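Novice: Before I ask anything, let me first share the structure, which is written out below as C-alpha cells.
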Amino acid sequence: MKLKLDDKGAVVVQDGKPVYVTDDGKEIAFDAPATRDTIARLNSEAKTHREAKEAAEGKLKLFEGIEDPAKALKALETVKNYDDKKLIDAGEVEKVKKEAKEAFDQQLAATENKYKPVVDERDALKNELHQEKLGGAFSRSKFIQDKMAIPVDLAQARFGTNFAIEDGKIIAKDGSGNRVYSRARPGEVAEFDEALEILVDSYPYRDSILKGTGASGGGAGGSGGGTGGKKQVTRAQFDAITDPMERAKVAREATITD
C-alpha cells in the first residue's frame with residue numbers, strides 16, 4: 001500500500017489516521033494504535049501456546065518407553081479392578097461397570113426427552129433473535145443504501161448466509177468459512193458494512209448489483225416525471241420476480257413504486 005498525498009505532497013489524514021491506497025485503488029484509513037495492540041495481543045497468545053506446548057512435552061517424557069499405549073491402559077485397568085474389589089472376580093467388576101453405565105445412559109436419555117421441548121423452544125427463539133439482529137444490520141447498512149443497486153431484502157438473500165452471530169457479535173465469513181478481517185484494522189474482524197463491501201468485491205457479478213458512477217442511456221438526465229426516464233415497476237411486480245439476476249437488473253434499471 002502507498003500513502004495518499006494531497007496536491008502539496010502532504011499525507012492525507014482521515015479521523016486522525018493516515019490514508020493508504022491499495023493496489024486495487026481502495027482508500028483505507030490505517031489505524032496504527034489498534035494494529036499495535038493487535039500485534040501485542042497475538043504475541044501474548046503465541047507465548048501462551050508455546051508455554052503450553054513445552055509443558056505438554058514435559059509430561060510426555062514421563063511415558064517414554066511405552067510403545068503400545070492401548071496395552072498399557074488395559075493392564076492398568078485390570079490392576080485397578082483387582083485393587084478395587086479383591087474379593088470380586090475382575091470380570092464381575094466389568095459387568096457391574098457396564099450395568100451402571102447402561103442405567104446412567106437410560107436416565108440421561110429420559111432427562112433429555114423430558115426437557116427436549118424446552119430446548120427446542122429455546123433454540124427456535126435464539127435463531128429468531130439472530131435473524132432479527134442480522135435483518136436489522138442489513139436494513140441499517142449505509143453501504144447497501146449508498147452503493148448497491150438492489151433492495152435490502154435481495155442483498156440479505158444473497159449475502160445473509162455469510163454472516164453469523166458469535167458471542168453476541170455479527171461475524172462475516174467468506175465462501176470457505178474463514179472470518180472476514182478488516183482492511184483498516186489488521187488482525188481484527190471487519191464490522192458489518194466493511195465486511196459486506198469485501199464480500200461484494202469478491203462477488204463474480206458485483207457490477208450488476210452495484211450502482212453506476214454516472215448517468216447512462218439516452219434518457220439519463222431527462223425530466224421523466226421525477227424518475228429520470230426509468231421504467232416504473234410496482235412493488236408487487238418486483239416481488240413476483242423469482243430469478244435473482246432478473247431482480248437485480250430490474251432494481252438497477254427501473255423505479256419501484258408502491
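The numbers here are math on the coordinates, done by the rules we state, and not lab data. Predicted model, so just to flag it, every value in this text is computed and none were measured. Here Cβ is always computed from backbone atoms with ideal geometry, including for glycine, and neighbour counts include all displayed protein chains.
Novice: Less than 19 Å apart at the alpha-carbon level, and either on another chain or at least 8 residues along: which aspartates and glutamates does that give for LYS80?
Specialist: Once the sequence-local aspartates and glutamates are set aside, what remains near LYS80 is ASP68, ASP89, GLU92, GLU94, GLU99.
Novice: Once amide H atoms are built 1.01 Å from N in the peptide plane, which residues 5 or more positions from LEU210, or in another chain, come under 5 Å H to H?
Specialist: So LEU210 has HN proximity to ALA149.
Novice: Shifting gears a bit: For the residue pair ALA109 and PHE238, what label-to-label distance in nm results when each label sits 7 Å from Cα along the Cα-to-beta-carbon direction?
Specialist: It is 5.4 nm.
Novice: Still on this structure: Give the cross-link partners of LYS47 among the lysines, using a straight C-alpha distance below 24 Å as the criterion and excluding same-chain residues fewer than 8 apart.
Specialist: LYS47 reaches LYS59, LYS61.
Novice: Do me a favour and compute the ellipsoid semi-axes for region 1-48 from its Cα gyration tensor, root of five times each eigenvalue, largest one first, whole Å.
Specialist: Rounded to whole Å, the semi-axes are 28, 12, 7.
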